[in-house]
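Data block below; observations after.
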Amino acid sequence: MDAQQVARYSERLEAILAELETDAALGNEGTRTVELDQQSVGRLSRMDALQQQAMAKAQQGRRAGAERRIKAALARIENGEFGYCTECGEGIGARRLDLDPTAPTCINCAR
């Protein structure tokens, strides 16, 4: 893999990471504790708020996982190891990296 291809993947990963960080900042409000206030929130409204909170926390977890994978891929780029399988050391196919630039393993090791 040449330096230009690696730079393209790096730019793509940085852009995705920036987008995730923006989404995280916007999504943190949904994970706040749901207050019990019988005057303003009825039982069904509270259940709906709790469900929305659970969904926001799950999405926050998925975002954190994606951030970890992106940062690991960026570290592999910095170390000159990007594009090589972390299991067997063989090259990872360009089509696989185009689909998921965070992929740490070749298709054979991923199976």
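The values are calculated or read from the model by the stated rules, or taken from the named source; none is laboratory data. All values reported here derive from a predicted model rather than from experimental measurement. Glycine also receives a Cβ, built like all others from the backbone with ideal geometry; neighbour counts cover every protein chain displayed. Ligands, DNA and RNA are stripped out before the accessible areas are found, and what is left, the full protein with its side chains, is counted by its heavy atoms. Shrake-Rupley method; radii C 1.70, N 1.55, O 1.52, S 1.80 Å.
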Response to the item:
Residues of region 46-89 with backbone N under 19 Å of the label point set 7 Å from the Cα of Asp23 along Cα→Cβ are 52-74
Worksheet item: Given 5 Å bins starting at zero, what is the percent of C-alpha pairs of region 60-111 in each, up to the one with the largest pair distance?
Response: 5, 23, 27, 26, 14, 5, 1
Practice prompt. Give the long-range amide H neighbours of Gly91: residues separated by 5 or more places, or on another chain, with amide H under 5 Å away, using H modelled in the peptide plane at 1.01 Å from N.
Written response: Cys85
Worksheet entry | Heavy atoms of Cys106 accessible to a 1.4 Å probe, total area in Å² rounded to 10 | 10 Å²
Discussion item. Using only the heavy atoms of the protein chains and a 1.4 Å probe, how would Thr105, Thr22 rank by accessible area, largest first?
Written reply: Thr22, Thr105
